[in-house]
Amino acid sequence: MASLYKSVCYCTNLRRSANALSEIYDTSLKGAGLTAAQYYLLITLWRLGSANITHWAEHVGLERSTMVRNIKPLTKRGFIEEAPGRGKTFALSDEGKRVLNLAAPLWQDAQKKIESILGKADIEALFRISEKLQEAVTVRT
């Protein structure tokens with residue numbers, strides 16, 4: 001990770017913080033062979049049961065074309081498979097379920113690490129800030 005960089009720019013600070021968070025999750029999930037982004041895609045698909053690319057992309061907040069690129073490695077590694085449904089529909093494979101079971105406690109470890117770094121008050125502030133920013137963008141678009 002790069003050294004601490006202080007900026008008056010909100011965007012720079014949030015991006016660098018997001019990178020730091022991703023690094024914590026990526027390091028924790030390495031034992032399952034997943035990145036934080038891959039874990040998020042798989043856990044979302046697990047929650048949905050099955051989904052076509054457009055529906056899945058909407059749930060994770062990605063453009064459809066970005067989603068197509070991001071699921072290629074998941075398909076190649078056998079974590080997801082095509083399922084019946086409208087359009088190109090996917091579901092977790094048995095291997096995908098196995099890797100999620102392996103990754104879940106690792107994700108929990110990352111959560112605990114972040115909680116220990118930030119503390120309860122800052123975690124609550126993080127959620128409030130995230131919600132405000134997401135609502136502001138959702139209302140305008």
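The values are calculated or read from the model by the stated rules, or taken from the named source; none is laboratory data. Only a predicted model underlies this, so the values are computations on that prediction, with no experimental measurement involved. Neighbour counts are summed over all protein chains in view; Cβ atoms, including those assigned to glycine, are modelled from backbone coordinates with ideal geometry. Please note that ligands, DNA and RNA were not included when accessible areas were found on the heavy atoms of the full protein model with its side chains. Shrake-Rupley method; radii C 1.70, N 1.55, O 1.52, S 1.80 Å.
Take the chain with all the other protein chains still there, run a 1.4 Å probe, and you get 70 Å² of accessible area per residue.
In plain terms, the chain from residue 11 to residue 113 could stretch by 34.3 nm, reckoned as 0.36 nm per residue minus the Cα-Cα distance.
Scalar couplings 3J(HN,Hα) for segment 78-95, obtained by applying the Karplus form with A = 6.51, B = -1.76, C = 1.60 to θ = phi - 60°, are x, 7, 10, 9, 5, 10, x, x, 6, x, 7, 9, 10, 9, 5, 8, 4, 5 Hz; x denotes Gly and Pro. Charges were assigned to the Cβ only: +1 to each Lys and Arg, -1 to each Asp and Glu. The resulting dipole of the chain about its Cα centre is roughly 260 debye.
Treating r as the C-beta distance of residue 137 and residue 4 and R0 as 25 Å, the FRET efficiency rounds to 0.35.
When the helices of the chain are scored as -39500 (n - 2.57) per DSSP H run of n ≥ 4 and the total is divided over every residue, the value at 222 nm lands at -24500 deg cm²/dmol. Split the accessible area of segment 2-141 by element, probe 1.4 Å, and carbon with sulfur accounts for 55%. Exposure check, 1.4 Å probe, all protein chains in place: residue 71 carries approximately 10 Å² of accessible surface. Roughly what % of Cα-Cα distances in segment 41-99 sit above 18 Å, to the whole percent? Of the Cα pairs, 21 percent sit more than 18 Å apart. The structure shown yields semi-axes √(5λ) of the Cα gyration tensor in Å, and of the options [x] 29, 20, 14; [y] 20, 18, 15; [z] 24, 17, 16 that calculated value carries the label [x]. Step through the table entries 6/132; 76/120; 88/112; 6/30; 30/88, compare each Cα-Cα distance with 31 Å, and write down the pairs that go over it. Checking Cα-Cα distances, 76/120; 88/112 exceed 31 Å.
Here the Karplus curve 6.51 cos²θ - 1.76 cosθ + 1.60, taken at θ = phi - 60°, turns the phi angles of segment 27-33 into couplings of 5, 5, 7, 4, x, 9, x Hz, with x standing for Gly and Pro.
With the highest mean first, a sort of the peptides 46-52, 61-67 on other beta-carbon atoms found within 10 angstrom per residue produces 46-52, 61-67. Suppose R0 equals 30 Å. What FRET efficiency, 1/(1 + (r/R0)^6) with r the Cβ-Cβ distance, do residue 26 and residue 129 give to the nearest 0.05? The computed FRET efficiency comes out at 0.85. Shown here for segment 3-42: chymotrypsin sites (Phe, Trp or Tyr not before Pro) in loop regions (DSSP other than H, G, I, E, B) with at most 11 other Cβ atoms within 10 Å, namely 5.
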